[in-house]
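Chemist: Input: one structure, supplied below.
We did not get these values from a lab; they are worked out from the coordinates using the rules stated. Please read these numbers as outputs of a predicted model, since none were measured by experiment. Note: ideal-geometry Cβ built from the backbone for every residue, glycine included; neighbour counts use all protein chains shown.
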Amino acid sequence: ERDISNLFHLLKIMLLSYLLRRDASFTCLLYIAVTALAASCVVDGFSSTITSSPVDVYAVPNLSEKVAIVTGASRGVGKGIALELGRAGMTVYVASRSSRSTGFISGERDLGEDNRDCTVERTADEINDMDGNGRAVPIAMNVANDDEVAALVERVREECGRLDAVVCSAFTTPPDLNDSSFRDDFWKQGAPMWDACHEVGLRGTYMTCCESVPLMLETAKGKGTRPLIAIISSFGAKSYTFNVAYGVGKAGADRLASDMAIQLSKHNVDTISLYPGIVQTEGNIEMEKKGEWKAASGGLDLSMGETPQFSGRAIASLLARPQLTEKRSGGVAVVAELARDLGFTDIGGEMPPSIRSLKFILPGFVFPQIEKESGAPLPVWITDNVPDYLLPWSVFSGGPPPSSQTD
């Protein structure tokens with residue numbers, strides 16, 4: 001055990017050295033050390049699974065009679081979560097600005113020809129067409145409008161008399177998302193970037209929680225359950241990602257979940273800050289088709305990403321485990337790490353790695369740099385056998401990830 005502890009300490013030093021110096025030799029040493037450890041002993045946190053064909057592993061929980069509000073549910077992660085909660089039998093109030101009833105369709109991002117109808121009605125129709133007990137109610141609303149948020153919660157009270165889950169996924173698309181200026185210096189981005197990242201994603205989330213909590217307290221007391229508030233955040237809360245305003249907004253979301261948990265714990269209401277990975281949303285897929293994704297994301301590989309429903313499976317799995325949400329209330333839950341811990345896969349049986357896993361970092365950042373510097377591809381016995389080791393948060397949070405684009 002002492003040898004393992006010493007090796008972990010060595011790995012941490014090597015990782016820090018690499019992140020600071022961007023020296024490929026440290027990466028090679030790191031990879032050899034991790035691979036040797038994974039091959040020689042069994043340690044919690046390591047896994048190496050080789051499958052010839054993915055198998056979809058997910059037992060849909062029975063969440064019938066429970067009620068959820070999901071904001072930002074006309075597309076992306078919010079839609080994926082709404083779909084999976086509906087599949088699990090919940091009544092889902094699908095909330096977003098984009099609606100057939102109002103005629104407003106968000107034009108902030110080009111979602112492609114197949115997604116011109118990304119509306120709350122389309123999401124609701126997909127849920128209501130599923131087999132099972134799930135039901136969806138489309139709600140055209142703007143999370144930035146406090147009166148509309150209050151009206152939504154009051155409608156849920158009148159129609160259902162309970163509220164078991166609130167998922168805050170609404171987020172305004174920041175300006176200049178489709179090019180490298182999205183990653184520009186903060187003094188060049190100014191107030192527009194700050195307002196885009198905070199008005200809906202942070203203030204709107206706060207007000208949604210303020211309006212929802214009284215009904216959730218009544219639900220906890222009257223139904224004997226543990227309602228859950230899930231705030232969709234990201235790894236940008238832990239480590240520099242994209243730009244300053246984005247990171248501050250996501251860190252604020254994490255702190256909101258953490259501090260609310262302190263006040264809500266005595267009322268049996270839990271909170272969680274959920275980290276999806278790289279998500280194959282309608283907008284991201286369209287950017288990839290147009291050749292815009294690489295510049296906007298900093299070279300991330302979208303093919304290694306998650307479907308929006310993967311986050312939905314994570315939320316549904318948490319709602320089915322109130323003992324777990326109580327234990328983890330106020331903390332961060334990474335979708336890919338929950339999947340590994342709870343034993344479910346993404347749609348189609350894929351198991352995307354966590355962004356802080358070597359299985360994501362080495363192929364996504366380090367291997368391309370080594371191959372560029374050496375002028376030769378790495379052998380497949382290295383590239384195909386990367387261990388799924390998670391970097392400690394203390395290391396991951398130490399600075400930005402290595403760039404996949406060298407100067």
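Chemist: For ASP117 and SER265, what is the calculated FRET efficiency with R₀ set at 35 Å and r taken between the beta-carbons, to the nearest 0.05?
Modeler: 0.25
Chemist: So the label point goes 7 Å from the Cα of SER106 along Cα→C-beta, right? Which residues of segment 192-231 then have their backbone N under 18 Å from it?
Modeler: Correct set: 192-209, 230-231.
Chemist: From the phi angles alone, apply the Karplus equation (6.51, -1.76, 1.60; θ = phi - 60°) to segment 377-384 and give each ³J(HN,Hα) in whole Hz, x where the residue is Gly or Pro.
Modeler: x, 6, x, 5, 5, 8, 5, 8
Chemist: Using Cα positions and a limit of under 12 Å, work out the aspartates and glutamates in reach of LYS327, with same-chain residues fewer than 8 apart set aside.
Modeler: In chain and number order, the partners are ASP270.
Chemist: If I take R0 = 35 Å and measure r between the Cβ atoms of GLU199 and ASP384 in this structure, what FRET efficiency does the formula 1/(1 + (r/R0)^6) give, to the nearest 0.05? Please list the in-between numbers first.
Modeler: On the way: r = 45 Å, r/R0 = 1.28.
The calculated FRET efficiency here is 0.20.
Chemist: Please sort 302-315, 142-155, 346-359 by packing, taking for each peptide the average over its residues of neighbouring beta carbons within 10 angstrom, highest first.
Modeler: Put in order of decreasing packing, that is 302-315, 346-359, 142-155.
Chemist: Over 19 Å between Cα atoms, which of LYS223/LYS266; LYS238/LYS266; LYS66/LYS223 qualify? Could the numbers behind the result be given before it?
Modeler: On the way: LYS223/LYS266 16 Å; LYS238/LYS266 28 Å; LYS66/LYS223 10 Å.
Where the Cα-Cα span goes over 19 Å, the pairs concerned are LYS238/LYS266.
Chemist: What ranking, highest mean first, results for peptides 280-287, 131-138, 369-376 when packing means the other Cβ atoms within 10 Å averaged over each residue? Please report the intermediate quantities before stating the final value.
Modeler: Values: 280-287: 21.4, 131-138: 18.0, 369-376: 12.0.
So the order, starting with the most tightly packed, is 280-287, 131-138, 369-376.
Chemist: What FRET efficiency would be calculated for the residue pair ASP185, LYS221, taking the C-beta separation as r and a Förster radius of 45 Å, to the nearest 0.05?
Modeler: 0.35
Chemist: For segment 271-407, what D do you get in µm² per second when you plug the Kirkwood radius from alpha-carbon pairs into Stokes-Einstein at 10 °C and 1.306 mPa s?
Modeler: Value of D from the Cα-based Kirkwood radius: 97 µm²/s.
Chemist: Something else about it: According to a simple spin-label model (label point 7 Å from Cα along Cα-to-Cβ), what is the distance in nm between ALA251 and MET130?
Modeler: 3.7
Chemist: What is the distance in Å between the Cα centroid of segment 233-280 and that of segment 314-393?
Modeler: 18
Chemist: Along the Cα→Cβ direction, 7 angstrom out, place labels at SER64 and GLU154. What is the inter-label distance in nm?
Modeler: About 3.3 nm separates the two model spin labels.
Chemist: How far apart, in nanometres, would the label points at SER397 and CYS210 be if each is projected 7 angstrom from Cα along the Cα-to-Cβ direction?
Modeler: In this crude label model, SER397 to CYS210 measures out at 2.8 nm.
Chemist: Give me, ordered by chain and number, the residues 5 or more places off GLN280 or on other chains with an amide H under 5 Å from its own placed amide H.
Modeler: Amide H neighbours of GLN280: GLU306, THR307.
Chemist: Would you please give the residues with an amide H less than 5 Å from that of VAL166, counting only those at least 5 places away or on a separate chain, with H modeled from the backbone geometry?
Modeler: ILE69, LEU228, ILE229, ALA230
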